[in-house]
């Protein structure tokens, strides 16, 4: 699994966050996507590593500006240990 963090400029409210989330979901298969206008970022969890250019294009098409894209491997940490 991968965690991708995108710096997004122009989000001002929760509706802006929803527009960006919808654009990301429509552009690629994701497990989870959340945006924060306060932090100016969108965080995406996916099974496959997303194409940074396609991700930027999808976000930019909504009228917001995708700046930096950072992807890293992600391993979900559970509450139970063996």
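The values are calculated or read from the model by the stated rules, or taken from the named source; none is laboratory data. The model shown is predicted, which means the values in this text are computed figures rather than measured ones. Ideal geometry is used to build each Cβ from the backbone, glycine not excepted, and the neighbour counts take in all protein chains shown.
Remarks
- Scope the range 1-10; condition within 15 Å of residue 44 (Cβ to Cβ) and at pLDDT 95 or above; matching residues: 2, 3, 4, 5, 6, 7, 8
- The range 55-65, residues that are assigned to a loop (DSSP other than H, G, I, E, B) and in contact (Cβ under 8 Å) with a residue 40 or more places away in the chain: 62, 63, 64
Residue by residue, here is whether (1) surrounded by 18 or more Cβ atoms within 10 Å (Cβ to Cβ); (2) in contact with a helix residue (DSSP H, G or I) (Cβ under 8 Å, 6 or more places away or on another chain); (3) touching a residue at least 24 places away in the same chain (Cβ under 8 Å); (4) not in a loop (DSSP other than H, G, I, E, B) holds:
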residue: 4; (1), (2), (3), (4): yes, yes, yes, yes
residue: 8; (1), (2), (3), (4): yes, yes, yes, yes
residue: 34; (1), (2), (3), (4): no, yes, no, yes
residue: 39; (1), (2), (3), (4): no, no, no, no
residue: 44; (1), (2), (3), (4): yes, yes, yes, yes
residue: 50; (1), (2), (3), (4): yes, no, yes, no
residue: 53; (1), (2), (3), (4): no, no, no, yes
residue: 67; (1), (2), (3), (4): no, no, yes, yes
residue: 72; (1), (2), (3), (4): no, no, yes, yes
